[in-house]
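Heads up: the structure comes next, in structure tokens.
Read-outs throughout are calculated quantities, based only on the coordinates presented, and are distinct from any laboratory measurement. As the structure is a computational prediction, the values presented were derived from the model and not from experiment. FYI the Cβ positions are ideal-geometry reconstructions off the backbone, even for glycines, and counts take in every protein chain you see.
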Amino acid sequence: MPQQLTTRNATITTAVVTVKALTIGGKQVTQSVFKQLPEETLFAPDGTARGSLWGRVNFHPGRCTPPLNVSAWWGWPEHAHVVWQLGDELRRATVWASRFDPDVSLESRPFISETAPPGEWDLIAQLPQLFIAV
């Protein structure tokens, strides 16, 4: 619960927050290690997640490629860089809040990118933010 401290000319509000760091073996993941996570589509053609979702990382390694149905940068929908687990390995995926089309081929793009299935973007947007080391 935020607490307020009032001085003569200002009010200072303090709050306690929780920061979740992405760690492997007790050590915080760095940008370099994050970039080495295999990039793989999170959603199967039927719209279900292919593994366990860990969280979102606010780090954009390289150029974020929008879905094929979006042509102008100012029209790009929101997106998230998701860390997820497939079996005993971590993966990363770029997921866009847009139209889901499992028939669109993503192989010709420089980075793997996908759109969230209907109703799944809220799940992605509500994932905890994970922090990585510089």
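Could you pull out every residue, at least 5 positions away or on a different chain, whose amide H is within less than 5 Å of the one on Gly55? Hs are placed 1.01 Å off N in the peptide plane, and Pro or chain starts have none.
For Gly55, the qualifying residues are Val83.
Sort 37-45, 88-96, 16-24 by the packing proxy (mean of other Cβ within 10 Å over each peptide's residues), most packed first. Each step should come with its number before you reach the end.
Details: 37-45: 15.8, 88-96: 19.3, 16-24: 10.0.
My ranking of the peptides, most packed first, is 88-96, 37-45, 16-24.
Can you tell me the FRET efficiency between Val134 and Thr48 if r is taken as the Cβ-Cβ distance and R0 is 35 Å, rounded to the nearest 0.05?
Efficiency for this residue pair is about 0.50.
So what are the ³J(HN,Hα) numbers for the stretch 20-33, from phi and the Karplus equation (6.51, -1.76, 1.60; θ = phi - 60°), rounded to whole Hz, Gly and Pro as x?
These are the phi-based 3J(HN,Hα) values: 9, 9, 7, 10, 10, x, x, 10, 5, 5, 9, 4, 4, 5 Hz.
How long is the gain from Leu86 to Lys20 if the chain were fully straight, where each residue apart is worth 0.36 nm and the alpha carbon distance is subtracted?
On the way: separation 66, 0.36 × 66 = 23.76 nm, distance 2.07 nm.
Computed gain between Leu86 and Lys20 is 21.7 nm.
Mind listing the long-range amide H neighbours of Ala133? Cut-off is under 5 Å, sequence gap 5 or more, other chains count too, H placed in the peptide plane at 1.01 Å from N.
The answer is Val29, Thr30, Gln31.
Taking θ as phi - 60°, what are the ³J(HN,Hα) couplings along the stretch 117-133 by the Karplus curve (6.51, -1.76, 1.60), each to the nearest whole Hz, with x for Gly and Pro?
After applying 6.51 cos²θ - 1.76 cosθ + 1.60, I find x, x, x, 8, 4, 4, 4, 5, 5, 8, 4, x, 7, 9, 9, 10, 7 Hz.
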